[in-house]
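Read the figures in this text as sums done on the coordinates, not as results from a lab. Here the structure is a predicted model, which is why all the values come from computation and not from measurement. Virtual Cβ from ideal backbone geometry, glycine too; neighbours counted across all protein chains shown.
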């Protein structure tokens, strides 16, 4: 088990992202680095498998830059739970570590001009398992669920700290858009 792997990842991410403003370029540089973390999971701690009963998932922050420019976290999705469609307002790269989570991509059918209204349709679903990568552009809308009977764990890297952004959560049935709630997060022990 090694926190050195996490420290090395953060260092490599900062090096790879230096001077990069384009989200697609950032994703291309980050993807091989996170895939490597799925190959050697000796850095994964037992506490990364814990989830908050109320929200249905647990977030362990591995790195959060003081200037809000880089976030690295591990999320554990409880069996039978998930999260509503939402955006991130930054690029993101997710890699499966253990178990299976279903990433649901949504497409917006309206033009976004009416406050509080959003007409979404499901675009695709992808099973995220060990080593499978999901990439997100700033305006992409996705949801996550764990259809299994064991926790699923994934590593997430974002271009900005999510708690610092004005993100949206969507209700595809009622066609609404509202501010994304702040999630319960825990700083991982180094």
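Please state which one of 6, 30 is assigned to a helix (DSSP H, G or I) and more than 15 Å from the chain's Cα centre (by Cα). Step by step, each of 6, 30 is checked, and only 6 is assigned to a helix (DSSP H, G or I) and more than 15 Å from the chain's Cα centre (by Cα).
Considering every residue within the range 36-54, establish whether at least one is assigned to a strand (DSSP E or B) and touching a strand residue (DSSP E or B) at 6+ places or on another chain (Cβ under 7 Å).
Yes, the range 36-54 contains at least one residue that is assigned to a strand (DSSP E or B) and touching a strand residue (DSSP E or B) at 6+ places or on another chain (Cβ under 7 Å).
Could you tell me which of the residues 177, 182 is over 24 Å from residue 38 (Cα atoms) and either without any contact (Cβ under 8 Å) to a residue 24 or more places away in the chain or within 12 Å of the chain's Cα centre (by Cα) (or both)?
Working: 177 fails: either without any contact (Cβ under 8 Å) to a residue 24 or more places away in the chain or within 12 Å of the chain's Cα centre (by Cα) (or both).
Exactly one residue qualifies, and that residue is 182.
Take the conditions out of contact with any strand residue (DSSP E or B) (no Cβ under 9 Å at 6 or more places or on another chain) and surrounded by 16 or more Cβ atoms within 10 Å (Cβ to Cβ) and apply them to residue 29. Does it pass? The answer is yes for residue 29.
If you check 93, 157, 133, 150, which single one turns out to be exposed (fewer than 15 other Cβ atoms within 10 Å of the Cβ) and under 18 Å from residue 77 (Cβ atoms)?
Going through 93, 157, 133, 150 in turn, the sole match is 150.
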